[in-house]
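The structure follows.
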Amino acid sequence: MFKYLKKYYIFCILAPLLMFGEVYMDLLQPKLMKIIVDEGVLGLSDGGGGNLGIVFSVGLKMVLFVCIGGFCGILSGVFANLCSQNFGNDIRKDCFRKTLGFSFEQTDKFSTGSIITRITNDITQLQNLVTQCIRGFVRTGLIIIGGIICLLTLDLSFGIVIICALPVILGCVIFFIAKSAPIFGTLQKKLDGLNGVMQENISGARVVKAYVKEKHELGRFSEANKDLVDTQLRVLTLFAYMSPIMNIFLNSAVVAVIYLGGISVRGGGITPGAVMAAVTYITQILNAVMRMNMIFQTVSRGMASAERINEILDTEPSIADGDFDGATDIKGTVEFRNVSFGYGSSTILKNINLTINKGETVAVLGATGSGKTSLASLIPRFYDADSGQIFVDGVDVKAYKLSALRSKISVVLQKSELFNTTIEENILLGKSGASHGEVEAAAETAQAKEFIERRAGGYKSLAAEKGMSLSGGQRQRIAISRGIIKNAEILILDDSTSALDLCTEAAFYKSLNAKYPDTTKIIIAQRIASVKNADRIVILDEGRIDACGTHAELLETNEIYQDIYNSQLKGNIGEAV
Amino acid sequence: MSENNSAQMNNYRLPGARIRRQRGETEKPENGRKTMIRLFKYFGDEKLIFSGLFAAVSVVVVCSVAVPRFQSSAIDAIAAGEFSQLPKILMYMMAIYLISCICTFLQNMLSAGLSQRIVQRMRNDLFDKIINLPIKYIDNHPHGDIMSRMTNDVENISQIISQSIGPMASGILMIVGTVVMMLNLCPRLAVLSCITVIMTVGITKLLSKLMRKFYLKRQQLLGELNAEVEEMITGYKTVTAYNYGEQAAKDFAETSDDLTATGILAEIIGSSMGPCMNVINNASFVIIAAFGGYFAIKGYISIGIISAFIVYAKQFGRPVDELAQIYGQIQSAVAGAERVFEIMDEESEDKRGSLDMDNAKGIIEFRNVNFSYYEGKPILKNFSLKVSAGQKVALVGATGSGKTTVVNLLMRFYDIDSGEILIDGVNIKDIRLDELRKNTAIVLQDTVLFSDTVRNNLKYSRSDASDEEMIRAAKISNCHNMITYMPHGYDTVISRSGQNLSQGQCQLLSIGRAFLASPKILILDEATSSVDTRTEKNIQDAMVSIMKDRTSLIIAHRLSTIQDADIIVVLHNGRISEMGSHKELLAKKERYYDLYMTQFSGKAT
């Protein structure tokens, strides 16, 4: 984390230095004030007559000093902000870039929600930490030290007050910080809990309503709410104790200073003006100590955030980039060689061997949970195989630069994710800079042209958050358009036509095959109709390839395929053929 | 977005379209007074505590006004050499400090409890409202926006209430008290002090106006940045698949740089406030000292009074400053409250209806139903359909033909424009909404699972179900095996959005959940689209026994899913184009026949 600060070390040094100027001027004031009171107003040195001349000349000096101090303060603020915000900005950008390089597994582990809070909320906290450190911390530290020195130069007896009060107040500060720090952590968690319930209820509103669970959900929410409120009350109660307790010590110190000052004045050691200055100093010092408390809070929050951010920055993408730039002679082949893969302890794919040739259409069929999606995810290295190798165009996928590998492959995911922008831009995600004509052509192939053009605004209409305004089938077709426009060597359709009606699906495949005959196509599907015309059909069963062949062959020889076929035909084969 | 497009957006609001909130526009409440009054109503039940709080604050204020008086007497005593007076004065001071501390503590405790209880109530009220909103509202509003009312706005109100009740009351009292004391001590110096205070206020206002501009802009950019992060991170799979990371990072960097530039400016202005105040405070000290000295020389006042005035002037400036800040905060809290109340003012779902469904057989009838989501875009046109009890009815048709709409209407997620929907001859509007829904189980296209254990997810539909019943439902829906393979079986926690399950597995679980409800009417809306057909067939075979005497409504693209249905209804453009059993429809050789042939020939017709 420090390497990010290094870049701005000049600001980092200048800000506290200027702060020193400000504090120095601040500390001069009570002394000047003393002169104004003692010499100007009371005229102690010339026997009781006040001297307005002194009031004005010293007063002017004081205002001048204050102005210089103020100027230093403002500049210090400028530098501190230049430092902390640029620092935050650099980290934020790096964090974002870093997370985009994470493998799916890593993202899942952090959970997307947590990553979002880290990049947004935690970085702000960290920024505050830096500002506080180079400004607040330095300022209060200087005030405390300088104030003590000034106080002692007035009269050494005031030192007793400091010696008594300072440890007590410091002790209080430490006690309250130690008490509150863990509660802040809990608070964040409780807030997450509350937001979680809320999120689930909004996105799952239909299910909640359908099962008449409003009361249950309200109970769940109330509980989370009560949890949060209780925690918040714990924090507030702590602070409710803190400020009066600290105040009473502070006030006692003021009383003590006046009392000791009185004794000193009687002994002829100091003047009444000095007592006033001493009261000002002691108030300044102890206020600073109390402010330290606030600063420590920011610091302890900031430290927690720094840790969370470091977790992101220190995570090496588990999918490491290779060197190969992707220039191959062969284009569009995929080979699985003894590939096994699993999530955590459970094995999904077992010893897969499969070669897919250029321009071939290979379909993958299998039961729910048999590993179809996992198989497809290994090709663009969304995950890495546990053992075995995968080759694309004859080169091990691990040797490729990730961007080179992924530009060869176009995946249309099972869940169509649309972004909150226009339909056109959503399609353009597949190939930035493509012309409108290309977008239209892709949409046409994906059978999306018609409904897009029917919409108010057409291609420029918003796809909207989570694609709420589009039906499942429409969303899928936009996602397919995006996959097509990329025009990659290998196109993977991961059950991405499941919400299309049969006519539309058939029209799509027909058009796809006509327009992109050379593209290698890997189709994951449930319906026989979707896969029937594939060059080869792979039957996955419990993570193993059970069979591989054409529709006719499999229908002849493979039990599972026959079974699937029958399940879709029921007893009507005769009529269908 | 083009001009033309935003114009269209005004009269035709896309459901779910996120209209980016312009902070600058909403920050100022539109109907401040009314919202304020409503907000204050939340304090209604807390009158006793509120008056206690006020009493505590008053004591604190009186104390802090009185203390400088004693302090000045002490200094006077020292200056005059009357040292014997000193201990007595100091004792008084200590006593006042002590009282003030106790009352500060009381004030803190009371305001903490008060604000938290109010916020707790407000949150519960809001949530209660949100879950009772009609689906239409939720479909038509960005979820992020609804969320942010709970998280940002209520949180904002919470913080402001807890932080400003005390300071506001004490601020006002303090100003009044200090002015009275100052006038009492020396009217001329009091006027002078007021001038410096007015100076302070003026400069604060000027700076905060400037600051506000930048802060608003920063807030807006921050919103944009957050939206960008949220979108890219939640859509990370697509971002990865399309190598979009570089571009996304570039866009993000742009927003981030903008934010930083604005943020630096805003903060610089913000941090100038302190030093500027310092200059003014000290200048006012000099003014008071100069005039005070002059008056002292003239013999009008004692030097103790000067010392008291210095304290008062400081004391005076602080609450003025604070009140100015609090005013700004309250404005933003009221703006937040307005957004919260906006939801609370939405009409809840119409839950009227008194009849229950205990003895319903499940005869469903749509009678001349017309419905449209948007005016002028009818989805169902004069739709009539009768389903006898115990029948299995399938709805087929192209995307957008209105299949899901039928479900939306039957569950009363939406209300029809005209016509009637009857169950056992009773209009569903007359049936208690919870009865209707309790007796109707649906499994939706988009599966919704909660981040809870498998057991709780299954039992969601019927919390009093026994484990045996649950396991039976899981077996019927073909997920029992899969569950037993999970690390903790039925106690495995499903992560949010079911990331550790495949789409098909999520569907199986939600089917199990629906079975456990043992409803009178079962609706499956593309419920098995990601489930392979063999598993699906197993489920269907198992369903036969449990769905005996129950009515089921099935929507599917996969014709294999629906072939067994008693009646297949083919929808086309919101109308029924044909209807009958699988065999009958095939024999007719019309739309259904075409659909059917595509399924097996793999060619478009």
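The values are calculated or read from the model by the stated rules, or taken from the named source; none is laboratory data. What you see is a predicted model, and the numbers here were worked out from it, not measured in a lab. Cβ atoms come from the backbone with ideal geometry, glycine included; neighbour counts cover every protein chain shown.
All but one of (1) farther than 29 Å from A:VAL339 by Cα; (2) at the interface with chain B (Cβ under 9 Å from one of its Cβ atoms) hold for A:SER403; state the number of the condition that does not hold.
(1)
Please work out if A:GLU417 is more than 9 Å from every other protein chain (Cβ to nearest Cβ) and either in contact (Cβ under 8 Å) with a residue 12 or more places away in the chain or assigned to a helix (DSSP H, G or I) (or both).
It is false that A:GLU417 is more than 9 Å from every other protein chain (Cβ to nearest Cβ) and either in contact (Cβ under 8 Å) with a residue 12 or more places away in the chain or assigned to a helix (DSSP H, G or I) (or both).
Take B:THR492 and decide whether it is touching a helix residue (DSSP H, G or I) at 6+ places or on another chain (Cβ under 7 Å) and either modelled with pLDDT of 85 or more or within 14 Å of chain A (Cβ to nearest Cβ) (or both).
Yes: the conditions hold for B:THR492.
Among the residues of region B:70-102, which ones are part of a helix (DSSP H, G or I), more than 7 Å from chain A (Cβ to nearest Cβ) and among the small types (Gly, Ala, Ser)?
Those that are part of a helix (DSSP H, G or I), more than 7 Å from chain A (Cβ to nearest Cβ) and among the small types (Gly, Ala, Ser): B:SER72, B:SER73, B:ALA77, B:ALA80, B:SER84, B:ALA95, B:SER100.
A:TYR343 passes all but one of (1) at pLDDT 90 or above; (2) among the aromatic types (Phe, Trp, Tyr); (3) over 25 Å from A:THR519 (Cβ atoms); which number fails?
So the condition that A:TYR343 fails would be (1).
Consider A:LYS209 carefully, then state whether it is closer than 16 Å to B:PHE127 by Cα and assigned by TED's automatic domain parsing to the domain that holds A:ALA306.
Considered against the rule, which asks whether it is closer than 16 Å to B:PHE127 by Cα and assigned by TED's automatic domain parsing to the domain that holds A:ALA306, A:LYS209 comes out as yes.
Kindly indicate whether B:ASN184 is in contact with a Gly (Cβ under 6 Å, 6 or more places away or on another chain), in a helix (DSSP H, G or I) and more than 10 Å from every other protein chain (Cβ to nearest Cβ).
no
Can you name every residue in region B:103-130 that is more than 7 Å from every other protein chain (Cβ to nearest Cβ) and over 23 Å from the mean Cα position of the chain (by Cα)?
B:CYS103, B:LEU106, B:GLN107, B:LEU110, B:SER111
Would you point out which residue out of B:ILE421, B:ILE343 is within 34 Å of the chain's Cα centre (by Cα), under 22 Å from A:HIS216 (Cβ atoms) and not in a loop (DSSP other than H, G, I, E, B)?
Unique residue meeting the criteria: B:ILE343.
Out of all the residues in region A:380-400, which are under 30 Å from A:ALA514 (Cβ atoms) and within 11 Å of chain B (Cβ to nearest Cβ)?
A:PRO380, A:PHE382
Same structure again: Could you check, for region B:442-449, whether at least one of its residues is over 22 Å from A:VAL208 (Cβ atoms) and either among the aliphatic types (A, V, I, L, M) or in contact with a Cys (Cβ under 9 Å, 6 or more places away or on another chain) (or both)?
No, region B:442-449 contains no residue that is over 22 Å from A:VAL208 (Cβ atoms) and either among the aliphatic types (A, V, I, L, M) or in contact with a Cys (Cβ under 9 Å, 6 or more places away or on another chain) (or both).
Considering each of A:SER203, A:SER180, A:SER243, A:SER222 in turn, give the residue that is in the same structural domain as A:MET290 (by TED's automatic domain parsing) and in contact with a His (Cβ under 7 Å, 6 or more places away or on another chain).
After ruling out the rest, the residue left standing is A:SER203.
Given the residues B:ILE511, B:ILE521, B:ILE546, B:ILE539, which is the only one that is farther than 21 Å from A:THR504 by Cβ and touching a Cys at 6+ places or on another chain (Cβ under 9 Å)?
None of the others qualify; the one that does is B:ILE511.
Can you run down the residue pairs with Cβ atoms below 7 Å, 6 or more apart or on separate chains, where the first is in region A:357-370 and not assigned by TED's automatic domain parsing to the domain that holds A:VAL395 and the partner is buried (at least 24 other Cβ atoms within 10 Å of the Cβ) and modelled with pLDDT of 85 or more?
none
Determine which single condition B:ALA80 fails, assuming it passes every other condition in (1) surrounded by fewer than 16 Cβ atoms within 10 Å (Cβ to Cβ); (2) closer than 30 Å to B:ALA337 by Cβ; (3) at pLDDT below 85.
It fails just one condition, (2).
Restrict the check to region B:141-155 and report whether at least one residue is farther than 17 Å from A:SER203 by Cβ, touching a helix residue (DSSP H, G or I) at 6+ places or on another chain (Cβ under 7 Å) and of a type in the set (A, V, I, L, M, F, W, C).
Yes: one or more hits.
Hey, among A:GLY326, A:GLY342, which residue is within 14 Å of chain B (Cβ to nearest Cβ), surrounded by fewer than 22 Cβ atoms within 10 Å (Cβ to Cβ) and in a strand (DSSP E or B)?
None of the others qualify; the one that does is A:GLY342.
State which residue pairs qualify: first residue within 16 Å of A:GLY171 (Cβ to Cβ) and more than 8 Å from chain B (Cβ to nearest Cβ) and inside region A:235-247, second residue among the aromatic types (Phe, Trp, Tyr) and surrounded by fewer than 17 Cβ atoms within 10 Å (Cβ to Cβ) in any location, beta carbons under 9 Å apart, and separation of 6 or more residues or different chains.
Close Cβ pairs satisfying both conditions: A:MET242/A:PHE175.
Counting only residues that are at pLDDT 80 or above, within 23 Å of B:ARG339 (Cα to Cα) and in a helix (DSSP H, G or I), how many does region B:41-69 have?
Number satisfying all stated conditions: 1.
Looking at region B:439-458, which of the residues that are in a helix (DSSP H, G or I) and either among the hydrophobic types (A, V, I, L, M, F, W, C) or over 27 Å from the mean Cα position of the chain (by Cα) (or both) is surrounded by the fewest Cβ atoms within 10 Å (Cβ to Cβ)?
Per the stated criteria, the residue is B:ARG455.
Test A:VAL265 against the stated conditions and say whether it is more than 7 Å from chain B (Cβ to nearest Cβ), touching a helix residue (DSSP H, G or I) at 6+ places or on another chain (Cβ under 8 Å) and either crowded, with 21+ Cβ neighbours inside 10 Å or in a helix (DSSP H, G or I) (or both).
no
Let me ask another. Those residues that are hydrophobic (A, V, I, L, M, F, W, C) and in contact with a Phe, Trp or Tyr (Cβ under 7 Å, 6 or more places away or on another chain), I need them from region A:291-305; list them, please.
Matches in region A:291-305: A:ILE295 only.
With a cut-off of at least 1 residues that are of a type in the set (Gly, Ala, Ser), name the helices (runs of 4 or more DSSP H) lying wholly within region A:1-103.
In region A:1-103, the matching helices (runs of 4 or more DSSP H) lie at A:9-35, A:52-100.
Something else about it: Sort out for me the strands (runs of 3 or more DSSP E) sitting completely within region A:445-552 that have 3 or more residues that are in contact with a Leu (Cβ under 9 Å, 6 or more places away or on another chain), more than 8 Å from chain B (Cβ to nearest Cβ) and surrounded by fewer than 21 Cβ atoms within 10 Å (Cβ to Cβ).
A:544-549
Give me the strands (runs of 3 or more DSSP E) completely within region B:504-605, filtered to those with at least 1 residues that are over 27 Å from B:SER477 (Cβ atoms), at pLDDT below 90 and more than 10 Å from chain A (Cβ to nearest Cβ), ordered by residue number.
Ranges flagged: B:567-572, B:575-580.
Separate question: Which of (1) under 20 Å from A:LEU260 (Cβ atoms); (2) surrounded by 21 or more Cβ atoms within 10 Å (Cβ to Cβ); (3) not charged (D, E, K, R) does B:MET91 not meet, given it meets every other one?
Here B:MET91 meets the rest and fails (2).
So, of the residues in region A:423-444 that are surrounded by fewer than 20 Cβ atoms within 10 Å (Cβ to Cβ) and outside any helix (DSSP H, G or I), which turns out to be farthest from the other protein chains (Cβ to nearest Cβ)?
Taking the candidates together, the pick is A:SER435.
Going by the structure shown, is A:ALA224 part of a helix (DSSP H, G or I), under 26 Å from the mean Cα position of the chain (by Cα) and surrounded by fewer than 20 Cβ atoms within 10 Å (Cβ to Cβ)?
It is false that A:ALA224 is part of a helix (DSSP H, G or I), under 26 Å from the mean Cα position of the chain (by Cα) and surrounded by fewer than 20 Cβ atoms within 10 Å (Cβ to Cβ).
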